[in-house]
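See structure below.
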Amino acid sequence: MYSIPYRTKLRLKAALKVLGICVAVVIVLVALALIYLQRYVVYSADGPYLDFHRSTAQPVSVETGTGDDPTQISDVNIIFDNAGGEQDDEAALSGYYIDIAMLQDPQAVYDALQELSPCTVMIDLKSSSGNFYYSTSIAGAPRAEIDVTVVDSIISYLKTRGFNMIARVETFRDTAFALDHFSSGLSIRSGVLWSDKGVYWIDPGDEVVVAYLKQIAKELSSKGFKEIVFDDFYFPDSGQIVYTSEKTKSELIQDTASELQNFFNSSNVTISFGNPAPDFTPEGDGSHLFISDVDGSNVNSVIASYSGLSDAKKQLVFLTASRDTRFEGYSLLRPLLA
């Protein structure tokens with residue numbers, strides 16, 4: 001019976017060890033490559049693909065106070081030229097909302113507005129994909145694949161006809177910004193961006209993110225909006241997200257809200273929030289909380305969950321098509337289009 005010489009066995013063991021090391025190195029390199037390529041992934045209707053021409057480090061272009069820190073924005077005094085339709089701050093909001101689904105047919109929205117007398121109208125102007133639904137001047141900001149010039153006409157119509165104008169924008173759900181500013185996105189342990197149903201989230205405590213939100217609100221205020229709603233204003237609850245901070249998630253959200261509100265404190269712009277966590281409390285009594293996906297069966301439980309509000313009847317605004325009497329006494333915005 002043939003026996004493998006001892007020296008040959010040693011050589012085979014050494015060769016296997018080297019092979020194992022090489023395999024491990026290859027696995028690590030492949031993992032790193034996948035993490036690196038993640039930022040070039042683009043999602044389309046035909047499925048994901050790689051686009052190596054896209055920018056992965058586009059800077060946020062903001063006005064600066066000193067020119068030294070790109071995340072600082074100079075003080076701003078925003079004044080509107082209101083043509084009427086002033087909303088009493090003490091009165092309940094009553095009017096309509098225009099969401100992203102409706103804006104897929106902007107002409108239908110424009111036509112429907114012709115039938116209204118001046119009232120409160122809230123319009124979505126940035127989606128969770130990060131696309132803007134108007135002609136933004138923000139550098140690198142992607143525009144939605146609709147005729148945004150019609151939306152520009154809608155904004156102009158609302159302003160000149162004296163409507164109480166409210167703009168709503170997605171806040172931390174922003175795929176485009178996360179891909180262009182990888183370090184400002186929320187990630188998992190492997191370094192890949194964390195996503196929820198295919199949408200990437202950006203870091204609520206990141207100073208670049210906060211500067212970006214200020215810039216959006218400043219631009220919208222210059223277009224005549226007297227109230228800006230930062231929607232889905234909460235830190236996602238997922239054990240997959242790797243996040244290190246001395247502050248709790250609630251404290252981070254609260255601090256970001258305070259910074260946004262304080263930035264516009266000297267202007268006549270109101271900063272409000274959409275669908276925050278129940279433990280969230282905005283500063284001051286002028287800010288609203290816009291709550292969607294509520295029907296008559298759970299309206300009372302939702303009201304009770306925001307027990308920290310000083311005046312829930314004044315601050316809560318429900319977005320609903322329901323005619324349930326349990327909404328009476330609260331601010332209501334109804335869909336403009338069925």
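The values are calculated or read from the model by the stated rules, or taken from the named source; none is laboratory data. As the structure is a computational prediction, the values presented were derived from the model and not from experiment. A quick note on method: Cβ atoms are made from the backbone with ideal geometry, for glycine too, and the neighbour counts reach across all protein chains shown. For accessibility, only protein heavy atoms count, side chains too; no ligands or nucleic acids. Shrake-Rupley method; radii C 1.70, N 1.55, O 1.52, S 1.80 Å.
At-a-glance table
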| item | result |
| --- | --- |
| Relative contact order, percent, the stretch 85-160 [alpha-carbon distance under 8 Å, six or more residues apart] | 28 |
| Whole-number D in µm²/s for the stretch 79-236 (Stokes-Einstein; Kirkwood sum over Cα pairs; 37 °C, 0.692 mPa s) | 199 |
| J(HN,Hα) series, the stretch 312-329, from Karplus relation 6.51 cos²θ - 1.76 cosθ + 1.60, nearest Hz, glycine and proline x | 4, 5, 8, 9, 7, 10, 9, 9, 7, 9, 5, 10, 4, 5, 6, 7, 4, x |
| Qualifying GluC sites (Glu not before Pro) in the stretch 238-338, DSSP loop, other Cβ atoms within 10 Å at most 12 | GLU246, GLU328 |
| Sequence-distant lysines (8 or more away, or on other chains) whose Cα lies within less than 25 Å of LYS17 | LYS9 |
| Total charge dipole magnitude, the stretch 223-338, about the Cα centre, Cβ charges on Lys, Arg, Asp, Glu only, Debye to nearest 20 | 420 |
| Highest to lowest packing among 296-304, 158-166, 122-130, scored as the average C-beta count within 10 Å | 122-130, 158-166, 296-304 |
| Cut-off under 5 Å, modelled amide H: who pairs with TYR97 long-range | MET122, ARG334, LEU336 |
| Dipole axis of the stretch 218-338 (+1 Lys, Arg; -1 Asp, Glu on Cβ), positive-most option in SER238, SER331, LEU252 | SER331 |
| For the stretch 202-208, 3J(HN,Hα) per residue [Karplus equation, 6.51 cos²θ - 1.76 cosθ + 1.60, θ = phi - 60°, Hz, x = Gly/Pro] | 9, 6, x, x, 7, 5, 5 |
| Low-density loop cleavage sites - trypsin sites (Lys or Arg not before Pro) in the stretch 273-338, where at most 11 other Cβ are within 10 Å (DSSP) | ARG323 |
| Value of relative contact order over the stretch 192-285, rounded to a whole percent, pairs C-alpha under 8 Å and six or more apart | 34 |
| Exposure rank, largest accessible area first [CYS119, CYS22; 1.4 Å] | CYS22, CYS119 |
| Space enclosed by the convex hull of the alpha-carbon atoms of the stretch 95-134, per residue, Å³ | 68 |
| For SER187, residues with placed amide H under 5 Å, excluding near neighbours | TRP194, VAL242 |
| Under Karplus coefficients 6.51, -1.76 and 1.60, residue-wise ³J(HN,Hα) of the stretch 120-126 in Hz, glycine/proline x | 7, 10, 9, 10, 6, 10, 8 |
| Relative contact order of the stretch 259-304, pairs being alpha-carbon contacts under 8 Å that are 6 or more residues apart, as % | 31 |
| Amide proton proximity set for LYS126, modelled H, under 5 Å, gap of 5+ | TYR133, GLU170 |
| Tail beyond 17 Å, pair distance distribution of the stretch 278-324 (Cα, percent) | 29 |
| Burial ranking of peptide ranges 213-225, 186-198 (average Cβ count within 10 Å, highest at the top) | 213-225, 186-198 |
| Accessible surface, per residue, of the stretch 225-292 when the full set of protein chains is kept, probe 1.4 Å, Å² | 43 |
| Three-way shape label, the stretch 215-338, alpha-carbon gyration tensor, a/c 1.5 | oblate |
| Whole-Å distance, taken between Cα centres, linking the stretch 318-338 and the stretch 217-273 | 25 |
